[in-house]
Amino acid sequence: MNFIDREAFPYTTANGTVYDSGDFEQVLDRALELADYSGFRARQQASAAQGKLRGIGLAFYLEASGPGGAPKDQVEGSFSADGYMTVYAVTGASGQGHETSFAQIIESELGWPAARVRYRAGDPAHHLIGNSTGGSRTLYGAGSAIKAMCAAWIEKLKPEAAQRLGLSTDDISFVNGGFHKTSSLSKALPSDPAAAASLSVETLIDALIAEGRAGELGVIGEATSGSTFPNGCHCAEVEIDPDTGMTALLHYIAVDDLGKVISPQLVQGQVHGGVVQGWGQAFCEHAIYDRGSAQLLSGSYMDYAMPRAGCLSSIRNDTINVPTRLNLLGSKGVGESGCSGSLPALANAVIDALRPLGVSSMDMPFTAAKVWAAIRQSDHGA
């Protein structure tokens with residue numbers, strides 16, 4: 001009832017914010033399907049027969065990716081005599097996988113092998129404008145600049161490719177990592193060896209490097225990207241032991257609209273990491289201060305609980321890819337998606353399990369002691 005229809009995007013909200021794109025209903029339907037939502041009541045009854053409390057929690061989130069503080073993102077690319085491309089930019093990775101995703105963009109857009117790409121962030125010798133890592137924006141911010149860099153290389157290499165193919169620049173086009181004769185020319189001159197030729201970017205650049213011309217190949221790419229709105233639906237299913245207050249997370253589903261996905265494996269890793277972070281905040285992480293002295297009592301990992309291996313045994317994620325027009329890649333970002341969806345989904349699941357006992361609200365973290373006490377104090381407590 002409250003979803004914005006896909007046809008209504010871009011959608012301007014009451015405060016003037018523009019949501020760029022989305023298909024909320026499709027995301028929800030996919031999450032319900034993966035969670036077997038319709039079969040939950042039967043699973044809940046099976047848990048009740050064993051004296052357990054089972055709950056399911058659904059949460060649909062929408063978050064704004066970081067707009068960035070710089071007016072644009074720039075990257076600089078060059079080749080060295082050892083046959084590698086080096087890309088310089090401002091944004092530095094702290095586990096997000098910039099080196100992987102940027103190299104994959106280059107391989108897709110230019111045809112240069114990802115294994116032959118080096119990434120360097122923050123080199124003071126290269127005076128570039130750009131934004132730091134944060135706000136789920138680096139992929140589409142710096143990534144769009146990398147796409148523009150690849151386009152600049154294609155234009156720079158096109159005359160060289162045409163000369164080596166014995167054609168004019170008007171008679172060749174760039175497709176799938178290489179320069180090829182146009183289809184009309186192919187039909188007009190089917191027996192011409194030059195007209196039938198093609199030349200891959202990798203072969204061309206390797207030839208130029210071998211000729212000592214690597215220094216001629218430097219380019220700069222830049223792009224201005226608007227803030228986007230990743231969104232998704234997360235569903236958590238939990239089971240509580242009323243005798244101990246312990247909560248087990250049985251199933252977790254994450255379906256996210258991240259626009260165009262560049263690296264599915266990195267997306268999965270970031271979603272999983274965010275969900276684990278959310279689990280930690282929901283069930284164990286707690287900053288506790290002494291009421292009299294304001295001394296932090298959980299100031300070390302001896303006292304401040306953290307997620308451990310085995311806390312989440314089953315996370316399944318999927319993506320619904322609705323591209324945006326606010327950047328060259330069509331991507332929306334993923335860094336905060338797992339945490340954004342997990343906190344409300346886990347909280348809703350716990351309260352759903354406890355609601356039959358008359359418990360309608362509880363503050364995080366849902367520690368075993370707190371849950372056990374709430375059960376004992378409830379209308380149905382022992």
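The values are calculated or read from the model by the stated rules, or taken from the named source; none is laboratory data. This structure is a prediction, so every number in the text was calculated from the model and none was measured. A quick note on method: Cβ atoms are made from the backbone with ideal geometry, for glycine too, and the neighbour counts reach across all protein chains shown.
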**Report entry** Pairs, first among the β-branched types (V, I, T) in the stretch 303-319, second surrounded by 11 or more Cβ atoms within 10 Å (Cβ to Cβ), C-beta under 6 Å, six or more apart
**Finding:** I315/Y252; I315/H272; I315/V275; T319/D256; T319/L258; T319/V261
**Report entry** Members of the stretch 104-130 that are under 19 Å from K72 (Cβ atoms) and assigned to a loop (DSSP other than H, G, I, E, B)
**Finding:** G122, D123, H126, H127, L128, I129, G130
Query raised in the report: Tell me, which residue of the stretch 336-370 that is part of a helix (DSSP H, G or I) and among the charged types (D, E, K, R) is farthest from M306 (Cα to Cα)?
Result: R355
Report summary line: Of the residues in the stretch 46-103, those that are more than 21 Å from the chain's Cα centre (by Cα), at pLDDT 95 or above, outside any helix (DSSP H, G or I) and among the small types (G, A, S) number 8
Report task. Look at the stretch 1-45 and say how many of its residues are touching a residue at least 40 places away in the same chain (Cβ under 8 Å), under 21 Å from A248 (Cβ atoms) and assigned to a loop (DSSP other than H, G, I, E, B). Result -> 1
Report task. For the stretch 339-359, state whether one or more residues are of a type outside the set (D, E), under 30 Å from Q104 (Cα atoms) and in contact with a Cys (Cβ under 8 Å, 6 or more places away or on another chain). Result -> yes
Requested in this report: Determine whether the stretch 309-316 contains at least one residue that is modelled with pLDDT under 95, touching a Ser or Thr at 6+ places or on another chain (Cβ under 9 Å) and over 30 Å from E222 (Cα atoms).
Outcome: no
Query raised in the report: Which residues, taken from the stretch 252-270, are in a helix (DSSP H, G or I) and surrounded by 20 or more Cβ atoms within 10 Å (Cβ to Cβ)?
Result: V267, Q270
Requested in this report: Tell me which residues, restricted to the stretch 149-163, are free of Cβ contacts under 8 Å to residues at least 24 places away in the same chain and of a type outside the set (K, R).
Outcome: E155, P159, A162, Q163
Query raised in the report: Among the residues of the stretch 302-323, is there at least one that is in contact with a strand residue (DSSP E or B) (Cβ under 7 Å, 6 or more places away or on another chain), farther than 30 Å from P10 by Cα and among the aromatic types (F, W, Y)?
Result: no
